[in-house]
Amino acid sequence: MRERAIFTDEETAFAQEVRDFVRANLDPDVRRRVICAQPVSLEEKRVWHATLARQGWAAPHWPVEWGGTGWSPAKNYLFVETLAEEGAPELSPFGLQLLAPVLIRYGTEEQKRTYLPKILSGEHRWCQGFSEPGAGSDLASLKTRAVLDGDEWIINGQKMWTTVAHAADMMFCLVRTDPVAPKPQMGISMLIVDMKATSGVDVRPIMLLNGERTTNEVYFDNARVPAGNLVGEVNKGWNYTRVVLGNERLNIARVGLCKRQLRHLKDMVRQGGHVGGGLERLRQKIAAVELDLMGVEALSLRMLGRYQLGEAPGFEANFLKLKGAELQQRLTRLLVEARGPAALRLGADGAHSCLLKSHFDTRVVTIYGGSSEVQRNIVAKGMLGLGRQTATSGKGLSA
Amino acid sequence: MTDMQDDVRRMLAEGIGRLLEREYRFDQREAMRRAVAAGQGLEASVMWPHLEELGIFALAADEDGAQAPATLGHLSVVAEAMGRSLAIEPVVPALLGARLAALCGIGGVLADGQRSVAAPSLLYGSDSGFLAQAEDGGWRLSGHEDLWLGGNDAQIVLVQAADARGTLRLFAVAVDHPGVTVSPFQLFDGRGAADVALDGVVVRDAALVAEGDVLAAAIERIALEAGLLHACDAIGAMRAANTLTLEQLQTRQQFGRPIGAFQALQHRMVEMSLVFELADALVEQAVAASCHGANPAAWRLACGALVRTALSARQVAEETVQMHGGMGLTEEYPAAHCFARLTSFELLYPAEEWTERFSRLAPLEAAA
């Protein structure tokens, strides 16, 4: 990093401090499993969350008054990428990254005082009730209804793909509060649901082929939550969703994670963990993916530079979501290829985890958080001005 | 975080931008292409004297500038502008010739408007095609190298020649020196080039420009800078191609609507923009890392930049023609010229070859 003269000496020293912290404070066995793409339990993640919280590092990007650090964008970027590179488990993003910025901006004082400290400490585990059976990429078509009845909202409907809902204390969800609004986006509100204390909430597992229960369906059957659980204003939920989905763009390509996976791949090949012939072909493929990672990192750093200068970022984040997700899939795929048919074994394969399973799990990254197709639509419309009837003149692609 | 731009760079970009808008519209560029086809050289160029006036060649030839970290960044702005306007004039080759001379400490000798062009082996980091034999008070040079970009307009050729022991030396030879044959031709992209042969050319010791450590350092650095400046040219050409293609999608009507209304084409245009952005960001970073000279970190990024730019160039070139339909094949419309320019780059800097070089820089066997 130093010879590239991209980060200052102080920033480079800070990254080293983060590195040292992970090595000194993270359970080595957890770290090993993260690096080898083996499962880490929710409890182990909670312990790591608490460790970061004690250091004051659970939510560096929050405002200082709520427990953030006031770090520059460059430091925030380095913090996240260094943690990932070093094999730290990722903290659940729902409370820390997704809801908190909305609450800080649009929540009532009481909501902030009630929820933010427990998100920060990790005491409350949150889930996000957005997707529905009929509303995936077309999220605005969601149908779960909420009707105000006195000082309570009554919720009816079904959410789907609700990650860790089975272990969550709280949910923030999108509900339809005006079914006849002129545009579907205009009739949506955001509500907070206490998953433990609310009756009429039924969480059912969705079993994926990886054999793990990580995601769920959530049924609401006349579930009642207090009127005060509305976030911001009624029918403005879609605007807040844009804030949610627009967060954490700085690290959207997951450069640190990719670097870690690349290192793991190289280690495996170096230690003879690959099978069969074709080492030369494998070497070329590894070089190609490493070169692609360099491009993604360069674009991430360019976007970071924009943030650092206070400029409005362009569509780098969409490009980086697209390309970063693709890279993650190529890396796990290469691990599988390197291992050959041995990767087919379910369960442990000698010193290796079931690499095919981890590769399979990675298929989700081009689907969630705005699928690759949706990202392309956003760039086509927003950056290139395509698909709009009014667009007639060319617009340069100046960086 | 440090800022990769500086004020000189911004001013240079604005100055060249204005110049190109005024003196180098596509029809003016085409006039120059036809001039080269007719065997004319820089005497036909309207733009060249203005570029000299802007001081870009002096910037490259400045020996103090050889050590100034910002210089490569400044030249990269020039190279990108040339690519963007698909310039026919051999600006990058002339900059590199002046730059190599400066790195060897003879920039001042050649600065007087004399155009030196470095041998392709120097620019692409391949083996030299020339041999040098010591003679009384001088050297006898033989050999040939093909495809000198801008060689048709060179006054001085800079050749690296090996003696019987394989020791390399750099010589500056005037093209009108007895025994020097310069065979000019035009590339498919319209630029001029030449094959250069030396047949027992006898030069005095004064023609020996550099040897030993000075030469080794200069060679290492000029290959790095050549790659990056050619990549900047390709970045400029990609920018032009993407702008044209986007206009095409917005204006060309088929099936009762602009073809850009079709999602299949939208997504392909997005991919073109994406591969452009990746290459642009990586080249910018590689240029910043290479300003202080050649070192392993700079080479690592440069290899990455060259590979990415070659892959992106090919994709952008092919998609540009495809989305222009038949118009993309015509001489009168710039799309095909973008294709030609970009194809030149990716054939001169093949992605596979530079991936190989990258692999050799950081062998898998070495500990991470």
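The values are calculated or read from the model by the stated rules, or taken from the named source; none is laboratory data. None of the values given here were measured: they were computed from a predicted structure. Methodologically, a virtual Cβ is constructed for each residue, glycine included, from the backbone with ideal geometry; neighbour enumeration extends over all protein chains shown. For accessibility, only protein heavy atoms count, side chains too; no ligands or nucleic acids. Shrake-Rupley method; radii C 1.70, N 1.55, O 1.52, S 1.80 Å.
Things worth noting here:
Each row is one residue, and each column tells you yes or no for (1) surrounded by 16 or more Cβ atoms within 10 Å (Cβ to Cβ); (2) part of a helix (DSSP H, G or I); (3) of a type in the set (Asp, Glu).
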{"site": "B:328", "(1), (2), (3)": "yes, yes, no"}
{"site": "B:332", "(1), (2), (3)": "no, no, yes"}
{"site": "B:335", "(1), (2), (3)": "yes, yes, no"}
{"site": "B:338", "(1), (2), (3)": "yes, yes, no"}
{"site": "B:341", "(1), (2), (3)": "yes, yes, no"}
{"site": "B:346", "(1), (2), (3)": "yes, yes, yes"}
{"site": "B:354", "(1), (2), (3)": "yes, yes, no"}
{"site": "B:359", "(1), (2), (3)": "yes, yes, no"}
{"site": "B:363", "(1), (2), (3)": "no, no, no"}
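- Taking segment B:64-98 as the range and being among the charged types (D, E, K, R) and at pLDDT below 95 as the test, only B:64 passes.
- Remark: pairs (first residue in segment B:56-69, at negative phi; second residue among the charged types (D, E, K, R) and open to solvent by less than 10 Å² (accessible area, probe 1.4 Å); Cβ separation under 8 Å; 6+ apart in sequence or on different chains) = B:60/B:99; B:61/B:99; B:66/B:99.
- Residues in segment B:216-267 that are facing chain A (nearest Cβ under 9 Å) and of a type in the set (D, E, K, R): B:239, B:247, B:257.
- Count of residues meeting criterion [farther than 23 Å from residue A:140 by Cα and either part of a helix (DSSP H, G or I) or among the aliphatic types (A, V, I, L, M) (or both)] in segment A:166-175: 3
- Segment B:188-205: number of residues that are open to solvent by less than 30 Å² (accessible area, probe 1.4 Å), under 19 Å from residue B:120 (Cβ atoms) and touching a strand residue (DSSP E or B) at 6+ places or on another chain (Cβ under 8 Å): 7
- Residue in segment A:18-39 that is closer than 24 Å to residue A:308 by Cα and buried (at least 19 other Cβ atoms within 10 Å of the Cβ) present: yes
- Subset of segment B:1-30 (residues that are hydrophobic (A, V, I, L, M, F, W, C) and either open to solvent by 30 Å² or more (accessible area, probe 1.4 Å) or within 29 Å of residue A:73 (Cα to Cα) (or both)): B:1, B:4, B:8, B:11, B:13, B:26
- Residue within segment B:149-158 that is out of contact with any strand residue (DSSP E or B) (no Cβ under 6 Å at 6 or more places or on another chain), under 20 Å from residue B:100 (Cβ atoms) and either without any contact (Cβ under 8 Å) to a residue 24 or more places away in the chain or surrounded by fewer than 20 Cβ atoms within 10 Å (Cβ to Cβ) (or both) present: yes
- Scanning segment A:52-77 for residues that are over 25 Å from residue A:111 (Cα atoms) and polar (S, T, N, Q) yields a total of 2.
- Filtered residues of segment A:202-231 (kept if open to solvent by 30 Å² or more (accessible area, probe 1.4 Å) and either of a type in the set (D, E, K, R) or in contact with a Phe, Trp or Tyr (Cβ under 6 Å, 6 or more places away or on another chain) (or both)): A:202, A:204, A:212, A:213, A:217, A:221, A:224
- Pair list, Cβ under 6 Å, 6 or more apart: segment A:3-30 residue more than 12 Å from chain B (Cβ to nearest Cβ), other residue at pLDDT 95 or above and surrounded by fewer than 19 Cβ atoms within 10 Å (Cβ to Cβ): A:25/A:51; A:30/A:44
- The residues of segment B:178-187 that are surrounded by 16 or more Cβ atoms within 10 Å (Cβ to Cβ) and closer than 28 Å to residue B:105 by Cβ, listed by number, are B:180, B:182.
- Test: residue B:214 is touching a residue at least 24 places away in the same chain (Cβ under 8 Å), under 13 Å from residue B:142 (Cβ atoms) and surrounded by 13 or more Cβ atoms within 10 Å (Cβ to Cβ): no
- Of residues in segment A:176-225 being outside any strand (DSSP E or B) and touching a strand residue (DSSP E or B) at 6+ places or on another chain (Cβ under 6 Å), the one nearest to residue A:356 (Cα to Cα): A:213
- Annotation: of all residues in segment B:288-309 being at pLDDT below 95 and under 15 Å from residue A:301 (Cα atoms), the one that is nearest to the other protein chains (Cβ to nearest Cβ) is B:289.
- Taking each residue of segment A:295-322 that is more than 7 Å from chain B (Cβ to nearest Cβ) and looking for partners that are part of a loop (DSSP other than H, G, I, E, B) and open to solvent by 20 Å² or more (accessible area, probe 1.4 Å) with beta-carbon atoms closer than 6 Å, six or more apart or interchain, yields A:303/A:313; A:306/A:313; A:317/A:249; A:317/A:252; A:320/A:252; A:321/A:252.
- Out of B:318, B:284, one residue alone is more than 12 Å from chain A (Cβ to nearest Cβ) and open to solvent by 10 Å² or more (accessible area, probe 1.4 Å). It is B:318.
- Residue, farthest from residue B:351 (Cα to Cα), within segment B:302-315, restricted to residues that are surrounded by fewer than 24 Cβ atoms within 10 Å (Cβ to Cβ) and not basic (Lys, Arg): B:315
- Between B:134, B:87, the distinction of being among the hydrophobic types (A, V, I, L, M, F, W, C), over 17 Å from residue B:156 (Cα atoms) and open to solvent by 30 Å² or more (accessible area, probe 1.4 Å) belongs to B:134 only.
- Selection count, segment A:269-289, where residues are of a type in the set (D, E, K, R), facing chain B (nearest Cβ under 9 Å) and open to solvent by 70 Å² or more (accessible area, probe 1.4 Å): 1
- Of B:297, B:340, all but one fail to be outside the structural domain of residue B:72 (by TED's automatic domain parsing) and either over 29 Å from residue A:271 (Cα atoms) or touching a residue at least 24 places away in the same chain (Cβ under 8 Å) (or both); the exception is B:340.
- When the residues of segment B:109-123 are filtered to those that are modelled with pLDDT under 95 and out of contact with any Gly (no Cβ under 7 Å at 6 or more places or on another chain), the one that is most open to solvent (accessible area, probe 1.4 Å) is B:112.
- So residue B:34, is it without any contact (Cβ under 8 Å) to a residue 24 or more places away in the chain and closer than 23 Å to residue B:345 by Cα: yes
- Here residue B:77 passes the criteria (1) β-branched (Val, Ile, Thr); (2) in contact with an Asp or Glu (Cβ under 6 Å, 6 or more places away or on another chain); (3) buried (at least 22 other Cβ atoms within 10 Å of the Cβ) except the one numbered (2).
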